[in-house]
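Colleague: Structure in structure tokens, see below.
The values are calculated or read from the model by the stated rules, or taken from the named source; none is laboratory data. Just so it is clear, the structure is predicted and the values come from calculations on it, not from any experiment. No Cβ is skipped: glycine too gets one built from the backbone with ideal geometry, and neighbour counts run over all protein chains shown. For the accessible areas, the whole protein counts, side chains as well, though only heavy atoms, and no ligand, DNA or RNA atoms are used. Shrake-Rupley method; radii C 1.70, N 1.55, O 1.52, S 1.80 Å.
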Amino acid sequence: MASFLKLRWISKSFSTLSSTPLRICVVGSGPAGFYTAEKLLKAHGSVDVDIIDRLPTPFGLVRSGVAPDHPETKIVINQFSRVAQNERCSFIGNVSVGSSITLPELREMYNGVVLAYGAESDRSLGIPGEELADIYAAREFVWWYNGHPDCRNLAPDLKSSDTAVILGQGNVALDVARILLRPTAELARTDIASHALAALEESTIRKVYLVGRRGPVQAACTAKELREILGIKDLVIHIKQADLVTTPADEIEMKNNRIRRRVYELLSKAVTAGHASVPGQRELHFVFFHKPDRFLESDDRSGRLGSVRLEKTTLKGDESMKQVAVGTGVYKDISCGLALKSIGYKSVAIDGLPFDNYKGIVPNLGGRVLANASLGDMQYETGLYVCGWLKRGPTGIIATNLYCAEETIACVSEDINKGVLSSKSVKPGRKGMLELLDSRNTRVVPFDAWEKIDLEEKRLGNLKNKPREKLATREELLKIAGK
Amino acid sequence: MFISRFYRQGAHTIKNLVKAPALNPRTSYSPVVYNQSIGALKHEFFSSTTAKQDSEDGNEENEKINVTFVDKEGDETLIKVPIGMSMLEAAHENDIDLEGACEGSLACSTCHVIVMDMEQYNKLPDPSDEENDMLDLAFGLTETSRLGCQIIAKSELEGLRLAIPAATRNFAVDGFKPKPH
Ligand SMILES: Cc1cc2nc3c(=O)[nH]c(=O)nc-3n(C[C@H](O)[C@H](O)[C@H](O)COP(=O)(O)OP(=O)(O)OC[C@H]3O[C@@H](n4cnc5c(N)ncnc54)[C@H](O)[C@@H]3O)c2cc1C
Ligand SMILES: NC(=O)c1ccc[n+]([C@@H]2O[C@H](COP(=O)([O-])OP(=O)(O)OC[C@H]3O[C@@H](n4cnc5c(N)ncnc54)[C@H](OP(=O)(O)O)[C@@H]3O)[C@@H](O)[C@H]2O)c1
Ligand code: FES
């Protein structure tokens, strides 16, 4: 402790007017949380940052979202780990804001709180049959194959049918399609959760339909992910030539957007002349201009999914507006045994926090939380900020959160420099929080305990020729953390 | 037809369209960076000669090129980069603030740099499909944008000038639409 204080004493602060140390808490240890902490530590030599997370493990969707066959994308964990090892920064896992500790309590203990707890729920379609078994949000399926403790027991049935329908054509949809279609021998060399690998090895799913309510020009995925799925070994791609016909509005859209143009280009190249179906062959069907209408129950398996009814759409609106899909009253059914809704994530509100239920985000201006979601009210919540998916909504890649963090930190810095965050007495910060959590019997997982988990997962992975074998229950994680 | 026209133009010829400032009108690369740096450029040619004379080993000098990084604030740093080294590695060896989330594995786009001179840009090998896929997602993409981890030092690139794009408040990429103010 003594050396800790000394360090703080000698470290210069160019931007802090007040001499009392400032304590900032970041909620959520995904890319938004870590980039926020990194920028904050860099900008202010006398600010301490604690990053808390509801899981015993850090890194948010980099661990539980990014696909197991994308190890390069996860390299950013090295950078985040260096942030967590900074002496002015602490990671404190297994602390859930809203249950282990309330937001008002946190705000009382810290000079400032930056919320970066992501988007852990889902947009819903709001169509009949959504409650049937065998229908999941893509988020749940992703958490399942990535070993997130909340979906350890999801156990999707991959053996009752040869067909899965994925609703949505964003990158998440492509990720889950690829996991369903990729040869399991290739997946076995990744950090995919072993329960998921075992289920996929027994999977009978051979056909995957990727359903988009708009056309190939509007497909929400990006070229990298598309190129990858189109390149899967022995996978037959089905795209209807007729769907590739573009309108003047489409052409303008492509002219103005490099991503859309390159995605369309890849899709057009993937069209091949009529395929004769070979039994057992894996197939990926891109279905454009169809929106989900309802889920239908199976005839012979009560309460289970039998098929998805889609309504043909047509696009309305010109190039100056977003072209939207409208139904045409023409329907078709696709029989399937699994449906994954990949139509977007959604953030969850917590007590004591202004929340815009319509947009599913915390109302904010550049990262400063607005006291009221209603228009025209520009009252800020002092010392409360937001970053990442919780601030912007559930879109954007890891790097987007870097720029997002810069914007939020500019607000925090301005407030620090104006003295808005200074308090007369030193805030209890980490010490106070840990005491409170201790009194509630909450076991926290600091970064060195995570490092034990990390080592153990790598050790277990090594035995199976995998980079890591994820521990997928809280009990296992906490057991290793406590060793 | 539009598709075939695009095929013909492609990324290869785009680099010849010197005039248009940005590929994506929503991004906010500012040409101010260019203007600011012209004066500084002259200055640097002088100082780099001094640097050369200072070095003891002439041979080793031949195997390095001068590269200038212009950071988000417009400040310049001149570094020597050994032939064969990537600009990302070189930046990091010299404490230049260039992000590199995936450490050069072509999976993040955070190492985005803007080649400040079209002639120099044209000396670079064309970006691969994979680099273009990542450039799609880069912030503030311009005609002469590249990924720092994919630019490898070679003697023709002597005097290369790279701008690190300023972070903007405009996350206009990958579906995000800026809110109207
Ligand atoms: C399936 C999927 C795959 C993706 N793949 C890629 C990819 O390959 N490349 C790429 O660049 N981007 C990818 N992305 C996008 C990228 O993951 C996101 O942009 C990024 O993770 C968002 O960062 P965040 O910090 O806002 O949220 P998150 O990463 O979700 O982090 C939120 C954190 O908050 C914690 N938390 C939640 N609630 C609480 C609470 N109440 N108290 C305390 N902590 C809490 C969570 O446990 C989590 O750790 C992917 C996204 C998804 C969904
Ligand atoms: N490798 C990577 O870089 C990677 C991997 C995974 C995720 N990510 C990123 O993470 C973010 C989230 O991805 P995401 O796939 O969840 O979201 P997304 O990109 O926003 O895609 C959502 C998809 O759902 C569709 N949709 C939305 N509402 C619908 C409805 N009511 N009915 C039918 N379809 C509907 C959308 O179609 P419309 O366009 O018609 O609305 C779109 O196809 C994205 O920014 C993505 O790029 C990146
Ligand atoms: S460092 Fe990630 S793409 Fe260059």
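Colleague: Could you do me a favour and compute the accessible area per residue for segment B:76-130, 1.4 Å probe, result in Å²? Walk me through the numbers on the way to the answer.
Modeller: Details: 2280 Å² over 55 residues.
Spelled out: the 1.4 Å probe surface of segment B:76-130, per residue, equals 42 Å².
Colleague: Find the centroid of the Cα atoms in segment A:93-117 and in segment A:465-479, then give the distance between the two in whole Å.
Modeller: Result: 26 Å between the Cα centres.
Colleague: Now a separate question. Can you give me the distance in nm between label points at A:Ser160 and B:Glu130, each placed 7 Å from the Cα along the Cα-to-Cβ direction?
Modeller: Reported label-point gap for A:Ser160 and B:Glu130 is 4.1 nm.
Colleague: Continuing with the same structure: What nm value, rounded to one decimal, do you get for the distance between A:Val420 and B:Asp75 when each label is placed 7 Å out toward the C-beta?
Modeller: The modelled label-to-label distance comes out at 2.6 nm.
Colleague: Set the Förster radius R0 to 35 Å, insert the Cβ-Cβ distance between A:Glu87 and A:Lys255 as r into 1/(1 + (r/R0)^6), and round the FRET efficiency to 0.05.
Modeller: Numbers: r = 51 Å, r/R0 = 1.47.
For R0 = 35 Å, the calculated efficiency reads 0.10.
Colleague: Is the shape of segment A:55-107 rounded, prolate or oblate, going by the alpha carbon gyration tensor and its root eigenvalues a ≥ b ≥ c, with a/c under 1.5 for rounded and a/b larger than b/c for prolate?
Modeller: Values: a/c = 3.54, a/b = 1.59, b/c = 2.22.
It is oblate, given that a/c is not under 1.5 and a/b is not larger than b/c.
Colleague: Where a Cα-Cα gap under 14 Å defines reach, which aspartates and glutamates qualify for A:Lys431, not counting those fewer than 8 residues away within the same chain?
Modeller: A:Asp48, A:Asp50, A:Glu105, A:Glu108
Colleague: Next up: Would you mind calculating the relative contact order of chain A from Cα pairs under 8 angstrom and at least 6 residues apart, reporting the percent as a whole number?
Modeller: Values: 969 pairs, mean separation 107.3, N = 483.
Rounded, it is 22 percent for chain A.
Colleague: While we're on this one: For segment B:64-163, would you read off the P(r) tail past 17 Å as a percentage of all alpha carbon pairs?
Modeller: Every Cα pair in segment B:64-163 considered, those over 17 Å come to 44 percent.
Colleague: Provide a whole-number value for the mean count of partner chain Cβ atoms within 10 Å of the Cβ atoms in peptide B:102-108. Mind showing how you got there, number by number?
Modeller: On the way: counts 11, 5, 2, 4, 2, 11, 8.
Averaged over the peptide's residues, the number is 6.
Colleague: Apply the membrane-span-like helix rule to chain A: whole DSSP H runs, Cα extent along the own long axis of at least 27 Å, mean Kyte-Doolittle hydropathy at least -0.5. List the helices found.
Modeller: In chain A, the long hydrophobic H runs are A:398-418.
Colleague: For an R0 of 56 angstrom, estimate the FRET efficiency from the Cβ-Cβ distance between B:Ile83 and A:Ala371 and round to the nearest 0.05. If you can, show how the numbers build up before the last one.
Modeller: Values: r = 58 Å, r/R0 = 1.03.
Result of the calculation: an efficiency of 0.45.
Colleague: At 222 nm, what value in deg cm²/dmol follows for chain A if DSSP H runs of at least 4 each add -39500 (n - 2.57) and the sum is divided by all its residues, to the nearest 500?
Modeller: On the way: 17 runs with 165 residues, N = 483.
Counting only the DSSP helices, I get -10000 deg cm²/dmol.
Colleague: Using a cut-off of 13 Å between alpha-carbon atoms, which aspartates and glutamates can reach A:Lys233, once sequence neighbours fewer than 8 places away in the same chain are excluded?
Modeller: A:Glu186, A:Glu283
Colleague: Give me a single rounded figure for A:394-405: the average over its residues of other chain Cβ atoms within 10 Å of their Cβ. If you can, show how the numbers build up before the last one.
Modeller: On the way: counts 1, 6, 6, 9, 7, 15, 8, 1, 6, 10, 4, 1.
Rounded to a whole number, the mean comes out at 6.
Colleague: Peptides A:141-147, A:383-389: what's the order by average Cβ count within 10 Å, highest mean first?
Modeller: A:383-389, A:141-147
Colleague: Follow-up. Which pairs in the list A:Lys159/A:Lys341; A:Lys341/A:Lys466; A:Lys74/A:Lys224; A:Lys159/A:Lys458; A:Lys207/A:Lys240; A:Lys224/A:Lys332 are over 22 Å apart, alpha-carbon to alpha-carbon? Write out the running numbers ahead of the final one.
Modeller: Numbers: A:Lys159/A:Lys341 19 Å; A:Lys341/A:Lys466 29 Å; A:Lys74/A:Lys224 16 Å; A:Lys159/A:Lys458 30 Å; A:Lys207/A:Lys240 16 Å; A:Lys224/A:Lys332 31 Å.
The pairs that break the limit, which is 22 Å between Cα atoms, are A:Lys341/A:Lys466; A:Lys159/A:Lys458; A:Lys224/A:Lys332.
Colleague: Could I ask something else about it? Please compute, for peptide A:251-264, the average count of beta-carbon atoms on other protein chains lying within 10 Å of each residue's beta-carbon. Display every interim value, and only then the final one.
Modeller: Numbers: counts 5, 1, 0, 3, 2, 4, 7, 10, 7, 1, 4, 7, 1, 3.
Mean shielding count: 4.
Colleague: Same structure, new question: How many Å² of accessible surface get buried when A and B come together, counting both sides, probe radius 1.4 Å, rounded to the nearest 100?
Modeller: Values: alone 21920 and 11180 Å², together 29460 Å².
That pair of chains buries around 3600 Å² in total.
Colleague: Follow-up question, since we're still on this one. Which percent, to the nearest 5, of DSSP beta bridges fully inside segment A:122-341 are antiparallel?
Modeller: Working: 16 of 39 bridges.
Antiparallel bridges make up about 40 percent of those DSSP assigns within segment A:122-341.
Colleague: Label points 7 Å out from Cα along the Cβ direction at A:Thr382 and A:Arg443: separation in nm?
Modeller: 4.0 nm
Colleague: In percent, what relative contact order does segment A:122-341 have, based on Cα pairs under 8 Å that are 6 or more apart in sequence?
Modeller: Numbers: 416 pairs, mean separation 62.8, N = 220.
Relative CO of segment A:122-341 lands at 29 percent.
Colleague: Taking the Cα centre of chain A as origin, sum charge times position over the Cβ atoms of Lys and Arg (+1) and Asp and Glu (-1), and report the length of that vector in debye to the nearest 20. Could you put the intermediate results ahead of the total?
Modeller: Values: 66 positive and 58 negative charges, 199 e Å.
Value, rounded to 20: 960 debye.
Colleague: Something else now. Counting pairs on different chains as well as pairs 8 or more places apart, how many Lys pairs in segment B:64-163 have Cα atoms under 18 Å apart?
Modeller: Working: B:Lys64/B:Lys80; B:Lys64/B:Lys123; B:Lys64/B:Lys154; B:Lys80/B:Lys154; B:Lys123/B:Lys154.
Within segment B:64-163, the lysine pair count is 5.
Colleague: What percentage of the solvent-accessible surface of chain A, computed with a 1.4 Å probe over protein heavy atoms, is contributed by carbon and sulfur atoms? Let's see the in-between values first.
Modeller: On the way: 10500 of 20160 Å².
It is 52 percent, rounded to a whole number.
Colleague: Rounded to whole Å and sorted largest first, list the principal axis extents of the Cα atoms in segment A:122-341.
Modeller: 48, 38, 37
Colleague: Considering the convex hull of the alpha carbon atoms of chain A, report its projected area averaged over all viewing directions, in nm², one decimal. Numbers along the way, then the final one.
Modeller: Values: hull surface 100.5 nm².
Mean orientational projected area (chain A, Cα hull): 25.1 nm².
Colleague: Starting from the amide H of A:His285, placed 1.01 Å from N in the peptide plane, find each other amide H under 5 Å away whose residue is 5 or more places distant or on another chain.
Modeller: A:Val208, A:Tyr209, A:Leu210, A:His238
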